[in-house]
Amino acid sequence: MQNIELKNSELDFRSREAFKTLRTNIEFSGEDIKVICITSCTPNEGKSNISFELAKSYAQMGKKVLLLDADLRKSVMRQRHKKGKVRLGLVNYLVGKVEFEETLCVTDIKNLHMVFSGPVPPNPSELLGNHRFRKMIENARRAYDMIIIDTPPLGSVIDSAVVSKCCDGAVIVIASGSISYHFVRKVKEQLDVTGCRILGCVLNKVDMSGKGYYGKYYGKYYGKYYGKYYGNYGE
C-alpha cells in the first residue's frame, strides 16, 4: 500500500448539502447498489470532482470506500494528492505487473482508499475490459462498503460503457448550459446498451447567482460539444 495526503477543498454549505442529498438518493435506489461509475458527456464537466466528493461523503459517514481512477487516458485525479509519491496505479495492475494491494493508496481521510490510474496505456478500453479488472471489482466488493469509479466522458470514448458492465449503477454528470438534450440522450442510450442501471444525473456548474441560469445560456451552447471531442479524448 502507498500512503498519501490529499488536497481537500472546503465546500460551502450548499455544496456539502448537495453531496449529502446525492448520497441519500443513491442509497434510496436500493441496497444492492455498491459499485457506481461516474461519467459525463464531454471533458471538463466536473465528473472527477463529483467522484471524489461523493466518495469522501460516504467515508465521512463511516463507510469503507474505494475510489478508483479509471480515466486511463486523461486523469486529473493525480492532482488530488499533495504528499506521498504514487508509484503504482491501476494500469500497472491491469497489465499484470503488480498485485492490486500494491496499487492501493491509504489517504489521510479516514475510511477512504484510492487507486490512481497510473501511466497512460496505448489500449485503455482493452485493459478495462479484461478479466483482471472484473476480478478486481469482485474482490473489492467483499472488502469495501462502496466503490466509486471515475471514468472518461462517454461522449468521447467508450471506456465508461466497458466499465459499467461491472457496476450496479451509473451517474451522468452534466455541466449546466453546455450540453444539449440530444447529446445527453445519446450518452444515456450507450449506457442502456450495456445493461447498466442509470441512477440519475448530476447538474453541475450551475450559476447560482440568480441571473437566469436555467434559460439564458442553455440555448447558446446547444450541441456545441457534440462530436468536438469524439475520438480525440486523451490524445
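The values are calculated or read from the model by the stated rules, or taken from the named source; none is laboratory data. Model, not experiment: these values are computed from the prediction. All Cβ positions, glycine included, derive from the backbone under ideal geometry; neighbour counts span all protein chains shown.
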Problem set entry | Residue list for region 147-168, filter: under 12 Å from residue 125 (Cβ atoms) and assigned to a helix (DSSP H, G or I) | 159, 160, 161, 162, 163
Seminar exercise, completed: Sole miss for residue 62 among (1) under 13 Å from the mean Cα position of the chain (by Cα); (2) part of a loop (DSSP other than H, G, I, E, B) is condition (1)
Exercise. Quick one: in region 56-85, which of the residues that are under 21 Å from residue 42 (Cα atoms) and small (Gly, Ala, Ser) is modelled with the highest pLDDT?
Worked result: 70
Exercise. If we scan region 94-106, do we find a residue that is farther than 22 Å from residue 27 by Cα, assigned to a loop (DSSP other than H, G, I, E, B) and touching a Leu at 6+ places or on another chain (Cβ under 6 Å)?
Worked result: yes
Problem set entry | From 75, 15, 51, residue being of a type in the set (Ser, Thr, Tyr) and part of a loop (DSSP other than H, G, I, E, B) | 75
